[in-house]
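Okay, so here's the structure we're looking at.
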Amino acid sequence: MTIAWQGGDVAVVGAGLIGLAIAFELAERGAHVRVFDRAEPARAASWAGAGMLAPYTERIEDEVLLALCTESLAMYPQFVARVRGASGFDVELALEGIVNTAFDSAKLDALREHARELAQHGVAHELLDREATLAAQPALGRHVVGSLVVRGEGYVDNRQLGRALAAACEAAGVTIVREARDLALECDARRVLGVRSERGFCAASAVVVAAGAWSASIPGLPPECAPPVAPVKGQMLALAIPRGFVRRTTWAPGAYLVPREDGRLLVGATAEHVGFEERVTALGIRKLLDAALAAAPALGDFSITETWAGLRPGSPDERPMLGPTPREGLLLATGHYRNGILLAPVTARLIAEYVAHGDAAALAPWALARFGKEVRDAARIGEA
Ligand SMILES: Cc1cc2nc3c(=O)[nH]c(=O)nc-3n(C[C@H](O)[C@H](O)[C@H](O)COP(=O)(O)OP(=O)(O)OC[C@H]3O[C@@H](n4cnc5c(N)ncnc54)[C@H](O)[C@@H]3O)c2cc1C
């Protein structure tokens, strides 16, 4: 693969789904890629997430971001097929629709309005009355008044995807440097030079910073290149339910329910601005359980099998930061906030195309330069 800068190697810092998807895409296009992570691949937010692929259900109001998310959703089946093919691992992908529930007339009116908007966008959907909602999701409480099913949305098992993507990368020739200590970027006044770790210096023509919520604090990152990302903690839990008890991903007031084929039901998620802190708290879990049991009281009988928390890479305008920085060859792929799993395929494509051609036109909406110095400084101070 020809690389826009001097034709050399590419280094990716961060082996979450974003860094791995980029590495896989680049390697499949013929680039020589190394991925560095201070921990094991895909064990941070990419492991903690619910894996929902839900741009419409999320009600993303930013039309440009919505278009990016729907483009990535459309790429998902082929992306997963490529990862399965290269890794030999299965990855659960279910896109049979998400059920948005209403438990009062105000919410039902909001769902009807949402349905009108979906119709204008040509998105397949269905409004269900109370009886049809209960027939589709018998686990819901009898007081449900209706629902909106958005077709084509669903979930990917993000933990399976992380494992498979790491294997697919290695099968495609990517070197993954796990548990890298003393990792730092090296730059001169004009451009990036490479990545240094305890294992030595690795020269690179392009370095992609994809370290999720930690992307602003990579040692050696020049201050003017630091993205204004901030951690947004999310707590979740899993219940063990009989297969089919909750048939499809379901949104209810205060919680979403995401079934997995292995019998887990994921219940998520809180959104907390508490810095780099990943504790599971009694209050967080209580809020999730209260909301889940209010929507589906029958869940009260099942065992809690797991609780966990992770840090979303928050962005001031909720758009990711993708592409060049003021140092030549130093690129960002971060700030995906609550849609990083959904956005992995399109992010990989955009970054790979930029690495190949150096043409930033397609990346304009995601440029670091959209933030003034004040926003970047404020983010740095907030992080300190
Ligand atoms: C509770 C919760 C629910 C979510 N639900 C969804 C959902 O349903 N759908 C969806 O699309 N998204 C969801 N998200 C968001 C999604 O998980 C993230 O946007 C996405 O995983 C970000 O991926 P990433 O690769 O950028 O970051 P991460 O997965 O956090 O990976 C960053 C990597 O960088 C590494 N790293 C950090 N610092 C360094 C360093 N100094 N040197 C080297 N490596 C470093 C870390 O070890 C880690 O491996 C959810 C997130 C949470 C927390």
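The values are calculated or read from the model by the stated rules, or taken from the named source; none is laboratory data. Just so you know, these numbers come straight off a predicted model, no measurement behind them. Cβ coordinates were reconstructed from backbone atoms using ideal geometry, including for glycine residues, and neighbour counts include every protein chain displayed.
List of remarks:
- Check on Arg38, part of a helix (DSSP H, G or I), modelled with pLDDT of 95 or more and of a type in the set (D, E, K, R): no
- Of everything in the range 252-265 that is surrounded by fewer than 22 Cβ atoms within 10 Å (Cβ to Cβ) and in contact (Cβ under 8 Å) with a residue 24 or more places away in the chain, the residue that is nearest to the ligand (Cβ to nearest atom) is Arg260.
- Filtered by the rule that a residue be part of a loop (DSSP other than H, G, I, E, B) and either crowded, with 18+ Cβ neighbours inside 10 Å or of a type in the set (A, V, I, L, M) (or both), the range 279-293 gives a lone residue, Val280.
- Counted residues, the range 316-339 - those being within 7 Å of the ligand (Cβ to nearest atom) and at positive phi: 1
- Checked against (1) within 11 Å of the ligand (Cβ to nearest atom); (2) closer than 21 Å to Cys169 by Cβ; (3) β-branched (Val, Ile, Thr), Ile98 meets all criteria but (2).
- Selection status of Leu53, touching a Gly at 6+ places or on another chain (Cβ under 9 Å) and either closer than 28 Å to Ala166 by Cα or modelled with pLDDT of 95 or more (or both): yes
- For the range 43-95, a tally of residues being on the phi > 0 side of the Ramachandran plot, surrounded by 21 or more Cβ atoms within 10 Å (Cβ to Cβ) and away from the ligand (no atom under 14 Å from the Cβ) returns 0.
- Of note, Glu318 satisfies the criterion of being closer than 23 Å to Glu153 by Cβ and not aromatic (Phe, Trp, Tyr).
- Going through (1) surrounded by fewer than 24 Cβ atoms within 10 Å (Cβ to Cβ); (2) more than 9 Å from the ligand (Cβ to nearest atom) one by one, Ala23 falls short only on (1).
Quick grid of which residues meet (1) free of Cβ contacts under 8 Å to residues at least 12 places away in the same chain; (2) away from the ligand (no atom under 16 Å from the Cβ); (3) not assigned by TED's automatic domain parsing to the domain that holds Leu193:
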residue	(1), (2), (3)
Thr281	no, no, yes
Ala294	no, yes, yes
Pro297	no, yes, yes
Ile341	no, no, no
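- Residue count for the range 142-174 under the criterion of being over 21 Å from Glu117 (Cα atoms), within 14 Å of the ligand (Cβ to nearest atom) and part of a loop (DSSP other than H, G, I, E, B): the result is 1.
- Filtered residues of the range 142-151 (kept if surrounded by fewer than 18 Cβ atoms within 10 Å (Cβ to Cβ) and either in contact with a strand residue (DSSP E or B) (Cβ under 9 Å, 6 or more places away or on another chain) or in the same structural domain as Leu53 (by TED's automatic domain parsing) (or both)): Val145, Arg151
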